[in-house]
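The values are calculated or read from the model by the stated rules, or taken from the named source; none is laboratory data. Predicted model only: the values in this text are computed from it and were never measured. Reconstructed Cβ throughout: ideal geometry from the backbone, glycine too, with neighbour counts over all protein chains shown.
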Amino acid sequence: MHDSPEFATEVGYPGLNDRWSDQSLDAITRRQRELQAPLAVVKSIRRAKLSSAEQLNYDLFQRNLDEAIEGTRFKVEYLPLTQLIALHTRPTLEIEALSLHESVPGHHLQIVLAQELAGVPEFRKHSRHTAFVEGWGLYAESLGLEMGFYQDPCMKFGQLVYEIWRAIRLVLDTGLHAKGWTRQQAIDYFLANASKNEHDVTVEVDRYIVWPGQALAYKIGQLKIRELRHFATQELGARFDVRQFHDQVLGNGSLPLETLEQRIKKWVKPEKTGK
């Protein structure tokens with residue numbers, strides 16, 4: 001908790017509200033090095049001796065550690081700090097889509113439900129699998145249509161601006177990290193295809209440069225949730241209840257997409273037969 005006082009405040013741990021995390025390069029290097037110790041402990045545990053629920057916790061914890069260690073290859077700490085993406089700089093027409101993504105039914109609802117989970121290890125309440133978390137955020141934006149939002153043409157345009165922005169990110173992430181694009185190529189492509197200003201575009205491109213795959217994860221997660229909703233709708237027909245589907249998606253915290261798919265299919269089977 002002392003290494004991350006912001007997280008301590010988030011979960012209600014007392015006494016650290018007046019502190020910030022040490023973001024010096026030395027502290028970041030130390031935290032990355034210390035990831036190896038818990039991984040060694042996990043690997044010493046005999047997974048086969050665990051219950052099925054404990055095996056899931058084991059697998060998720062080890063995966064989190066593996067991904068954290070893998071992520072140390074990418075120097076996110078060098079991402080430029082800027083005020084150019086502050087809320088007051090965003091066009092008003094983006095507010096509905098942004099609010100649905102970040103608040104309800106998006107991340108606020110998603111994270112609060114995860115933090116209130118009972119009967120799971122503490123790490124499960126605070127895991128952040130990007131494809132799951134951000135996939136739900138994008139999916140939540142699309143729920144605005146079903147919830148009666150985007151009635152104002154400007155707000156509908158804002159939602160479409162967000163859609164093209166996410167499509168552009170798929171091209172830029174791939175271009176930068178698989179096709180050898182330069183920073184300027186990415187900026188130029190973004191400006192040519194989106195109604196965003198150069199400052200916002202530059203900030204976004206710098207983010208993609210130091211965070212490979214993160215932009216892709218948004219869309220991958222959204223498409224998987226849509227796919228699973230379509231599957232459940234087709235399988236259950238008149239029995240399908242979108243509220244129950246959402247409960248199943250969010251009811252076990254942040255999960256790898258393959259685990260989420262297993263969970264949804266396991267839920268659908270008895271629902272289909274009414275047993």
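Quick rundown of the values:
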item	result
Lone unmet requirement of (1) more than 26 Å from Glu271 (Cβ to Cβ); (2) assigned to a helix (DSSP H, G or I) for Gln244	(1)
Long-range neighbours under 8 Å by Cβ, at least six apart or interchain, first residue exposed (fewer than 13 other Cβ atoms within 10 Å of the Cβ) within the range 1-16, second in a loop (DSSP other than H, G, I, E, B)	Met1/Tyr13; Met1/Leu16; His2/Leu16; Asp3/Ser21; Asp3/Asp22; Glu6/Trp20; Glu6/Ser21
The range 218-235 residues that are farther than 15 Å from Lys269 by Cβ and without any contact (Cβ under 8 Å) to a residue 24 or more places away in the chain, paired with ones that are small (Gly, Ala, Ser) and surrounded by 15 or more Cβ atoms within 10 Å (Cβ to Cβ) (beta carbon under 8 Å, 6 or more apart)	none
Some residue of the range 18-25 being farther than 22 Å from Gly71 by Cα and surrounded by 10 or more Cβ atoms within 10 Å (Cβ to Cβ)	yes
Any hit, the range 45-61, residues being in contact with a Pro (Cβ under 7 Å, 6 or more places away or on another chain), hydrophobic (A, V, I, L, M, F, W, C) and in a helix (DSSP H, G or I)	no
Of all residues making up the range 98-129, the number that are part of a helix (DSSP H, G or I) and of a type outside the set (Ser, Thr, Tyr)	18
Number of the condition not met by Gly253 [criteria: (1) part of a helix (DSSP H, G or I); (2) at pLDDT 95 or above]	(1)
Qualifying residue in the range 61-79 (condition: under 23 Å from the mean Cα position of the chain (by Cα), at positive phi and modelled with pLDDT under 85)	no
Candidates Gly221, Gly237, filtered to the one that is under 26 Å from Arg73 (Cβ atoms) and part of a helix (DSSP H, G or I)	Gly221
Answer residue from the range 197-218, given it is assigned to a helix (DSSP H, G or I) and among the hydrophobic types (A, V, I, L, M, F, W, C) and is surrounded by the fewest Cβ atoms within 10 Å (Cβ to Cβ) among those	Val210
Single unsatisfied condition, Arg226 versus (1) within 30 Å of Thr273 (Cβ to Cβ); (2) exposed (fewer than 14 other Cβ atoms within 10 Å of the Cβ)	(2)
Residue list for the range 183-196, filter: of a type in the set (Lys, Arg) and either within 23 Å of Thr259 (Cβ to Cβ) or in a helix (DSSP H, G or I) (or both)	Arg183
Total residues in the range 171-196, condition more than 19 Å from Pro91 (Cα to Cα), surrounded by 16 or more Cβ atoms within 10 Å (Cβ to Cβ) and charged (D, E, K, R)	1
Some residue of the range 155-170 being in a helix (DSSP H, G or I), within 15 Å of Glu94 (Cβ to Cβ) and of a type in the set (Ser, Thr, Tyr)	yes
Residue in the range 130-137 that is among the charged types (D, E, K, R), crowded, with 20+ Cβ neighbours inside 10 Å, touching a His at 6+ places or on another chain (Cβ under 6 Å) and assigned to a helix (DSSP H, G or I) present	no
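The rows are residues; the columns are (1) over 19 Å from the mean Cα position of the chain (by Cα); (2) more than 26 Å from Gln248 (Cβ to Cβ).
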| position | (1), (2) |
| --- | --- |
| Leu145 | yes, no |
| Gly158 | yes, yes |
| Leu170 | no, yes |
| Asn193 | yes, yes |
| Ala217 | no, no |
| Leu223 | no, no |
